[in-house]
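The values are calculated or read from the model by the stated rules, or taken from the named source; none is laboratory data. In this text, all values refer to a predicted model and were calculated from it rather than measured experimentally. Heads up, the Cβs are rebuilt from the backbone with ideal geometry, glycines too, and the neighbour counts pull from every protein chain shown. Surface areas here come from the heavy atoms of the whole protein model, side chains and all, with no ligands, DNA or RNA. Shrake-Rupley method; radii C 1.70, N 1.55, O 1.52, S 1.80 Å.
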Amino acid sequence: MSALQVQAHRKPLLQQLTDQQDKMLQQIVELCQLNSGSYHFEGIGKVQASLEAIFAPLADSTEYRPLAPIQLVNDDTSVSEYQPNPMQIFRARPDAPLQLLMTGHSDTVFPKDTHFQDCRIDGGLLHGPGTADMKGGLVILAHALAYLNDSPLRDQFGFTVAISPDEEIGSTVSAPILMELAQHAHYGLTYEPALSDGTLAGARKGSGNFSVTAKGFSTHAGRDFFDGRNAVVAIAETAQRLSQLTDETAGITVNIGKIVGGGAVNVVPDQCLCRFNVRVNTPEQMTDMETKIQQTLSDVESSTGCTLTLHGHFNRPPKPMTPKQEAMFELLKSCGQELGLDIRWKATGGCCEGNNLAAAGLINIDTLGVRGANIHTDQEYACIDSFAERAALTVTLIEKLISLNADASKEQA
């Protein structure tokens, strides 16, 4: 908590949620002890069962929306499919005057065989896989909704809680559903973690994950070297050229993440793979980079005689800080002041479902989860004292959104 003073009318809210903090802690630990790496179908299924037990009592309906298969480019350049778990959608009061889309994810970056499987408490920190990103956020959301469901404001808002099983791999197949759901909401709330000091993400870069496969022609390196077409050389040239598209001034980055290929040194290799990530600040940069990537592949094909195939796309459009986005952050800042919190935000190169909601035209704040740090590492932790604090922040924000919506309705009448 910050040094700002909690306003008197918010103290009962904070106290009631603080009384629930031990229960929140227990629920988060139980969820995080279940491994749910993005490709661990069985593990995600177990987490979804636990999430249904938490959210179904708060909702009027529960839906498991089937998702399309995810195309996987394997290290040997072959292509296969993975059928992900369905998407969980919990709805309440769809005819209420204010509709909120709340999003989160059940998967983590930690695979089934990771060494990072268990939770531990160290002082005021809960260490564990997904404690911050973002099983902790889902639990505090549930407690905020439970509080509001028991309040006089219950019938003034409806909600859709959409929980994706593929967020950590870019919402590859859940993104279209998120954008569809966004068309029926007034605001979006996403429960990625804030930083440990409470800072939220403002503007976000757009991001795309890509793979390039090269197909050459294998020959003996001594007898028929000049008849061969070296796929490793083609990928090396491709990676070098793509990397040179990075522009620090413009905020464009191309990260070559992995190259796989080759074998015995007396054989010209006929296949190779390169995986890379691109981040941009604007939609215009995104379009420009798509053109430059295709041109790079065409040039390398001409110079090496290998066939290059591009897989992947920009799955997270940029999320700029528009005037409407800034107004919502200012509203959240006023909520924080009532709770004794100094709410701040800053631009980030990271991406999340908030990018997809913004691309669908939905104003949203996407770091309303617990305070935490070191996400995507085995040092991940959530700040235990943020559980009640951030649940209270969501309650206060929704109350203010209800009030704003009511005022707008009066003006239109």
Checked the range 343-384 for anything under 13 Å from the mean Cα position of the chain (by Cα), over 29 Å from residue 121 (Cα atoms) and assigned to a loop (DSSP other than H, G, I, E, B); matches are 349
For residue 199, the lone unmet condition from (1) at pLDDT 95 or above; (2) β-branched (Val, Ile, Thr); (3) within 15 Å of the chain's Cα centre (by Cα) is (3)
Discussion item. For the range 60-69, check the following and say yes or no: at least one residue is free of Cβ contacts under 8 Å to residues at least 12 places away in the same chain and within 24 Å of residue 175 (Cβ to Cβ).
Written reply: no
Contact list, first residue from the range 302-319 and among the small types (Gly, Ala, Ser), second anywhere and open to solvent by less than 30 Å² (accessible area, probe 1.4 Å) and not in a strand (DSSP E or B), beta-carbon distance below 8 Å, six or more apart or interchain, is 305/216
Of the residues in the range 26-55, those that are open to solvent by less than 30 Å² (accessible area, probe 1.4 Å), aliphatic (A, V, I, L, M) and either part of a loop (DSSP other than H, G, I, E, B) or touching a Phe, Trp or Tyr at 6+ places or on another chain (Cβ under 9 Å) (or both) come to 28, 51
Worksheet item: Quick check: anything in the range 386-399 out of contact with any Lys or Arg (no Cβ under 8 Å at 6 or more places or on another chain), under 27 Å from residue 147 (Cα atoms), surrounded by fewer than 20 Cβ atoms within 10 Å (Cβ to Cβ) and touching a residue at least 12 places away in the same chain (Cβ under 8 Å)?
Response: yes
So residue 329, is it part of a strand (DSSP E or B) and either open to solvent by less than 30 Å² (accessible area, probe 1.4 Å) or aromatic (Phe, Trp, Tyr) (or both) = no
In the set 214, 162, 146, the lone residue that is part of a helix (DSSP H, G or I) and in contact with a helix residue (DSSP H, G or I) (Cβ under 7 Å, 6 or more places away or on another chain) is 146
All-but-one check, residue 340 against (1) under 26 Å from the mean Cα position of the chain (by Cα); (2) open to solvent by less than 30 Å² (accessible area, probe 1.4 Å), failing number (1)
Reported set for the range 99-116 where residues are open to solvent by less than 50 Å² (accessible area, probe 1.4 Å) and more than 20 Å from residue 354 (Cβ to Cβ) is 110, 114, 116
